[in-house]
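S.K.: Can you keep this structure in mind? I'll have questions shortly.
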Amino acid sequence: MSAAPIKLTILGSGTSMGVPSLACHCRVCTSKDPHDNRLRPSLLLSRNGQNVVIDTTPDSANKLSASTSIASTPSSNPRSRDHILGFDDIRPFNIRQKFRAPGLQQRETFRIIRRAFAYVFDDHPHAKHGPQR
Ligand SMILES: [Zn+2]
């Protein structure tokens with residue numbers, strides 16, 4: 001018996017600011033070609049009704065339609081938080097479906113998420129950590 005294949009959906013493939021970027025007048029940002037419009041990077045893995053989103057950007061949350069576990073990658077840029085800023089936007093899934101979304105991120109990434117969204121963790125903070133680098 002083989003497992004169902006995992007469906008991978010690219011929710012965004014742009015830069016940390018997305019493309020087009022505000023106030024940028026470069027050739028790509030002003031392009032009329034829809035292929036040049038790329039949201040902030042994020043992936044959705046789905047199988048048998050279970051979903052895992054890798055990085056919750058401000059763009060990706062409105063593309064999700066069901067309870068979703070969250071995996072957050074470490075930021076490659078310490079001044080960028082685009083990969084977690086949509087974290088709060090998926091809370092309606094948890095509230096309406098009474099689903100407590102599991103999260104997987106490295107300790108430092110979880111520390112950043114917990115600080116940025118402290119009100120989410122006020123009741124019962126819980127995290128699973130990946131290995132430290
Ligand atoms: Zn540009």
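The values are calculated or read from the model by the stated rules, or taken from the named source; none is laboratory data. Nothing here was measured: the structure is a model prediction, and the numbers come from that model. Ideal geometry is used to build each Cβ from the backbone, glycine not excepted, and the neighbour counts take in all protein chains shown. Remember, those area values only see protein heavy atoms, side chains included, never the ligands or the DNA or RNA. Shrake-Rupley method; radii C 1.70, N 1.55, O 1.52, S 1.80 Å.
S.K.: Residue 125 versus (1) surrounded by 13 or more Cβ atoms within 10 Å (Cβ to Cβ); (2) at pLDDT below 85: which is the lone unmet condition?
M.R.: Failed condition: (1).
S.K.: Looking at region 41-58, which of its residues are touching a residue at least 24 places away in the same chain (Cβ under 8 Å) and assigned to a loop (DSSP other than H, G, I, E, B)?
M.R.: If the condition is that a residue be touching a residue at least 24 places away in the same chain (Cβ under 8 Å) and assigned to a loop (DSSP other than H, G, I, E, B), then 41, 48, 55, 56, 57, 58 are the ones that fit.
S.K.: Given the residues 15, 9, which is the only one that is among the polar types (S, T, N, Q), near the ligand (Cβ under 10 Å from one of its atoms) and open to solvent by less than 70 Å² (accessible area, probe 1.4 Å)? Explain how you work it out, then say what you get.
M.R.: On the way: 9 fails: near the ligand (Cβ under 10 Å from one of its atoms).
Matching residue, one of 15, 9: 15.
The rows are residues; the columns are (1) open to solvent by less than 70 Å² (accessible area, probe 1.4 Å); (2) within 14 Å of the ligand (Cβ to nearest atom).
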position: 21; (1), (2): yes, yes
position: 53; (1), (2): yes, no
position: 58; (1), (2): yes, no
position: 63; (1), (2): no, no
position: 75; (1), (2): yes, no
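S.K.: Right, next: Please pick out the residue among 80, 2 that is of a type in the set (S, T, N, Q) and open to solvent by less than 50 Å² (accessible area, probe 1.4 Å).
M.R.: On the way: 2 fails: open to solvent by less than 50 Å² (accessible area, probe 1.4 Å).
Sole residue among the options that is of a type in the set (S, T, N, Q) and open to solvent by less than 50 Å² (accessible area, probe 1.4 Å): 80.
S.K.: Cβ-Cβ below 6 Å, separation at least six or inter-chain, first residue in region 1-23 and without any contact (Cβ under 8 Å) to a residue 12 or more places away in the chain, second surrounded by 11 or more Cβ atoms within 10 Å (Cβ to Cβ) and part of a loop (DSSP other than H, G, I, E, B): which pairs?
M.R.: That search, which allows pairs on different chains as well, returns 21/29.
S.K.: Mind checking which residues of region 86-122 are part of a loop (DSSP other than H, G, I, E, B), modelled with pLDDT of 75 or more and open to solvent by 90 Å² or more (accessible area, probe 1.4 Å)? Working first, answer last.
M.R.: The initial filter retains those residues of region 86-122 that are part of a loop (DSSP other than H, G, I, E, B), namely 86, 98-102, 106, 117, 121-122.
Now narrow it down to the ones that are modelled with pLDDT of 75 or more: 86, 102, 106, 117, 121-122.
Scanning region 86-122 gives a single hit, 122.
S.K.: Considering only residues that are under 20 Å from residue 82 (Cα atoms), open to solvent by 80 Å² or more (accessible area, probe 1.4 Å) and within 11 Å of the ligand (Cβ to nearest atom), which ones fall in region 23-37?
M.R.: From region 23-37, those under 20 Å from residue 82 (Cα atoms) are 23-24, 29, 36-37; that's our starting set.
Next cut, open to solvent by 80 Å² or more (accessible area, probe 1.4 Å) only: 23, 37.
Scanning region 23-37 gives a single hit, 23.
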